[in-house]
Amino acid sequence: MRYSPKPSMDTRSPRKIQGTSVSPGLAVGPVRIVGAQPKEVPVWSVAASEVQREIARLREALKTASDEMQRRSRIVALQSSERDAQIFEVHRLILSDPGALKQVEGAIRTEHINAEAAVYQFITKLESTLGQRMEGDSVRAYAADLSDPWRAVLEALGQGGLQDLLSQDQDLILAAANLTPHVMTLLGRDRLLAVIAEKGGRFSHAAVLARSFGVPCVVGLPNLLGRMEPGMVVAVDGQRGTVQINPDPEALLRFQELKAGASARAAVLLAQAPKPALTSDGVRLLVQANIESLRDLDEFDATHTDGVGLLRTEFLYMERPQLPSEDEQYRLYRRVLEHMHPLPVTLRTLDIGGDKQIASLKTPGESNPALGWRGVRVSLEWQDLLRIQLRAALRAGSGRNLRILLPMVSSVEEVHRARSIFDSVRTALLEQGHEVEADVPVGIMVEVPSAVLCLPELIRHVDFVSVGTNDLVQYLLAVDRDNPWVAKLYQPLHPAVIYSLHSVALTSRAAGKSCAVCGDIAEDPGVATMLLGMGYDKVSVAPSFIPEIKSMLRNVEHADAVRLAKDALACTETGLVEAVLSKFRETNRLL
Ligand code: PEP
Ligand code: MG
């Protein structure tokens, strides 16, 4: 357990910390700590006028923890025995000890610290006092038993904080120990200024969300929570990956100027966004949008895009407590298809598993979820899920431009099985009198090395492919995209990735099939140009990146893109590929 030091005056002085950029953009505003690990109990000082409020928070958390124990006690009594349930009653008694409460409240009053810190101090004292007085495993176990209920209070303090957070209407920057999808979705997007975290992967699913929301995000900020106090102002530069704590008026002014410059530049790019991404000698790259949520639809103009290249349907499921019925899905998909019409919508079937869990459908706990039950593997096992989703999609696609994309395909057998389900769903719909398009293209994500290697065979059975580099990189390099410990080794520009991308383009072109990249690597305008040079006809990215990519492509010739791809392919190290790309960006600087 880490006990962060009480903030000294030093942490209040202006201070810049360098982290890793996850999502560009500039934001300045008050910060709020969320999702602190129990191991990393935050400590901050509480003003005299706030002490009573902090004590009220503590009491509320005690009540929440005690109610939760009562609830668990009832469940255990039903599922096991009254005897087993008694432990929760004992825990509730421990929490109602007035002596303990007096100590914890006393710490808040006299030391002016937050409730979490006071509870944690109490737990540490309790465990060490018992440990010093008596020795032996049973004593240690007893000490742990006595402190356990107080750990539940710590947890409840986190929860209480969240409820309080949700009920306020202030715009905030969230600071977390770890960047997770949960943290990204805590606040409505209209109130979320930026997210900063001690740990998190640049290509994790949470990072994908940050970019899709267009919310500035920086991770890899050491001891961030230890430096934070609620309400503290921070300035986040998502592009440079910096966080400035308590900027002084001069720094604030500079930051605001930077922000105004960035907004002016964005406005120019946006005004040109409806124009196609045509190189100066007339070669076109289709630039499509990745959509995670229906809210995305309200926030971007379909005419800036060449359609939706990736509709991540799992996020539509995540937004509701129950599995959506066929009709609900039909309505959701229909809305997207209508909004985009006549442009295509590439609907990816459910890609749950790993860190993408949905409340209404728990996949089993796995020790290695990235290599586990994910994507099409789940759909082929729980076939009703796939059937219902395909029924809804095919119905919604009537008279509209629908394409179906299968995630995490690793073998030809999976394609055969999924296609045969697709065919039987289609036949059943027609028999039931539904209108279904005669030709709905079915494609696969190429995001597993076996799909790259077996593509010459796979491509014969599909209509198009889309490379999911977020996953492909993790599986090619054996580096978990969500594991902060190996974040440095997660290298999207590793030569193995560049060779694989090239091989997919060559195979697809030889087969005369469309190939796209829908992983986040394509958000970089230089990379998008390189992909065109390799032979890709499409990229699909979070909507906020579209104007810049289009602008870059309109400024180059096709021969430049081919040369760039060739130069990148000649590199034997990641750093060299990066250097080739930065030189390209430098010579083709936008605006
Ligand atoms: C990918 O893996 O690149 C991809 C687009 O899918 P996701 O990020 O949803 O796993
Ligand atoms: Mg993927």
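The values are calculated or read from the model by the stated rules, or taken from the named source; none is laboratory data. Everything numeric here is computed off the predicted structure, so don't read it as measured data. Cβ sites come from the backbone with ideal geometry, for glycine too, and all protein chains shown count toward neighbours. The protein model used for the area step is the full one, side chains on, heavy atoms only, and it has no ligands, DNA or RNA in it. Shrake-Rupley method; radii C 1.70, N 1.55, O 1.52, S 1.80 Å.
Would you mind putting 284-290, 438-444, 459-465 in packing order, based on average other-beta-carbon counts within 10 Å, highest first?
On the way: 284-290: 23.7, 438-444: 16.6, 459-465: 18.4.
Per-residue mean Cβ counts within 10 Å order the peptides as 284-290, 459-465, 438-444.
Assuming a ≥ b ≥ c are the square roots of the Cα gyration tensor eigenvalues, decide whether segment 285-355 counts as rounded (a/c under 1.5), prolate (otherwise, with a/b larger than b/c) or oblate.
On the way: a/c = 2.07, a/b = 1.56, b/c = 1.32.
In terms of gyration-tensor shape, prolate.
Please state, rounded to one decimal and in Å, the Kirkwood hydrodynamic radius that the chain gives when every pair of distinct Cα atoms enters the mean of 1/r.
Working: mean 1/r = 0.0381 Å⁻¹.
The answer is 26.3 Å.
Once you charge only the Cβ atoms, +1 for Lys and Arg and -1 for Asp and Glu, what is the size of the charge dipole of the chain about its Cα centre, to the nearest 20 debye? Don't jump to the answer; show the numbers that get you there.
Details: 66 positive and 72 negative charges, 108 e Å.
Charge dipole, the chain, about its Cα centre: 520 debye, nearest 20.
Could you tell me the center-to-center distance, by alpha carbons, between segment 285-324 and segment 375-390 in angstrom?
20 Å
Could you size up the charge dipole of segment 233-316 around its Cα centre, putting +1 on the beta carbon of Lys and Arg and -1 on that of Asp and Glu, and report it in debye to the nearest 20? Write down the numbers at each step before the final one.
Numbers: 8 positive and 12 negative charges, 42 e Å.
Using Cβ point charges on Lys, Arg, Asp and Glu, segment 233-316 gives about 200 debye.
Once you order the gyration tensor axes a ≥ b ≥ c over the Cα atoms, which shape class does segment 439-591 get: rounded for a/c under 1.5, otherwise prolate or oblate by comparing a/b with b/c?
Details: a/c = 1.56, a/b = 1.16, b/c = 1.34.
Since a/c reaches 1.5 but b/c is at least a/b, the shape of segment 439-591 is classed as oblate.
With the cut-off at 1.5 for a/c, could you classify segment 270-587 from its C-alpha gyration tensor as rounded, prolate or oblate? Please report the intermediate quantities before stating the final value.
Values: a/c = 1.69, a/b = 1.35, b/c = 1.25.
Prolate, since a/c reaches 1.5 and a/b exceeds b/c.
How many angstrom lie between the Cα centre of segment 560-591 and the Cα centre of segment 438-456?
Centre-to-centre (Cα) distance: 27 Å.
How long is the gain from residue 335 to residue 87 if the chain were fully straight, where each residue apart is worth 0.36 nm and the alpha carbon distance is subtracted?
Values: separation 248, 0.36 × 248 = 89.28 nm, distance 5.11 nm.
Computed gain between residue 335 and residue 87 is 84.2 nm.
Using a 1.4 angstrom probe on heavy atoms only, work out the carbon and sulfur share of the accessible area of segment 521-591 in %.
Values: 1410 of 2770 Å².
Accessible surface attributable to carbon and sulfur in segment 521-591 totals 51 percent.
Order of 568-575, 231-238, 426-433 by packing, highest average Cβ count within 10 Å first?
Values: 568-575: 15.1, 231-238: 21.5, 426-433: 11.9.
Packing order, densest peptide first, comes out as 231-238, 568-575, 426-433.
Once the Cα gyration tensor of segment 163-322 is found, what semi-axes does its equivalent ellipsoid get, as square roots of 5 times the eigenvalues, in whole Å, sorted largest first? Please report the intermediate quantities before stating the final value.
Details: eigenvalues 176, 100, 41 Å².
Ellipsoid half-lengths, sorted descending, are 30, 22, 14 Å.
Work out from phi, with θ = phi - 60° and the Karplus expression 6.51 cos²θ - 1.76 cosθ + 1.60, the ³J(HN,Hα) of each residue of segment 190-206, listed in order in whole Hz, and give x for Gly and Pro.
5, 9, 8, 7, 6, 10, 10, 8, 5, 9, x, x, 5, 10, 5, 5, 5
Among 558, 449, 329, pick out the residue whose Cα is farthest towards the positive end of the charge dipole of segment 270-587, where Lys and Arg carry +1 and Asp and Glu carry -1 on C-beta, about the Cα centre.
Most positive-ward Cα: 558.
Treating cross-link reach as a plain straight distance, find the lysines whose alpha-carbon is under 20 Å from the alpha-carbon of residue 513, omitting any fewer than eight places away in the same chain.
538
Once you have all Cα-Cα distances for segment 507-584, histogram them in 10 Å bins from zero and send the whole-percent values.
The percentages, shortest bin first, are 19, 51, 29, 1.
222 nm [θ] for the chain, helices only, -39500 (n - 2.57) per DSSP H run of 4+, per residue, to 500? Before the final figure, lay out each step's value.
Numbers: 24 runs with 299 residues, N = 591.
For the chain, the value works out to -16000 deg cm²/dmol.
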